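Everything on this sheet refers to the single structure shown next.
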Amino acid sequence: MKTLIVAKQITVTDDLKAIIEKKLEKFDKFFNNNASATVVLSRERKKEILELTITVGGTLFRAEEESDTFRNALDNAVDIIERQIRKNKTRLQKRLRDTYFDHAVYDIEEDDEEDNAPYKIREKTFPARPMSVDEAILQMNLLGHQFFVFVNADTEKTNVIYKRRENEYGLLAPED
């Protein structure tokens, strides 16, 4: 697995890099060599924050953990992603085997707005690709988000799927 470590206003030691790479080797049994991981390390108010994103075949797995040490945060994030994989194992196997999705890999770009704005806006851009509603729900759950924007494969229009109550979802679609 290709690993990219990004540090925000901190220095990453060689020991920590080695620990991160060793922990992420655990996912090699789930994915082929076409997976890539991005680990973002930052520190805020005596808390160390680790964001782990694994991209494979157009599917994103994401965990964000806050702890006293990066090692504890890494352990928690790896456990979260492993639970996501195990929980959705059959759906993921079917999806990752399907060669239709091999060419679609998300490129996420995050930009913070200028500091003089009245509030911070975190902007993300990604290529929207056609998928079914079930795939959109799966992707939203893997990311841990409350909503997900996607292009509906049936209607070829941009839709939004969102969580309502436990095991209930809503779909926003434009009128014709």
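What follows is calculated from the coordinates using simple rules that are stated; it is not laboratory data. Just so it is clear, the structure is predicted and the values come from calculations on it, not from any experiment. Virtual Cβ from ideal backbone geometry, glycine too; neighbours counted across all protein chains shown.
Among the trypsin sites (Lys or Arg not before Pro) found in the range 121-163, those both in a DSSP coil and sparsely packed, with 16 or fewer other Cβ atoms within 10 Å of their Cβ, are LYS157.
Rounded to the nearest Hz, the phi-derived 3J(HN,Hα) couplings of the range 36-46 under the Karplus curve 6.51 cos²θ - 1.76 cosθ + 1.60 (θ = phi - 60°) are 9, 10, 10, 10, 10, 10, 8, 9, 9, 6, 6, where x marks glycine and proline. Counting only DSSP beta bridges whose two residues both lie in the range 128-176, roughly 80 percent are antiparallel. On full extension, the segment bounded by ASN72 and ALA153 gains 25.1 nm, given 0.36 nm per residue less the C-alpha separation. Contact order, relative form, for the range 128-176: 29 percent (alpha carbon pairs under 8 Å, 6 or more residues apart, mean separation divided by residue count).
With the simple spin-label model, which puts each label point 7 Å out from Cα in the Cβ direction, the GLU82 to SER42 separation comes to 2.7 nm. Report note on the peptides 11-21, 74-84: ranked by the mean count of other C-beta atoms within 10 Å, highest first, their order is 74-84, 11-21.
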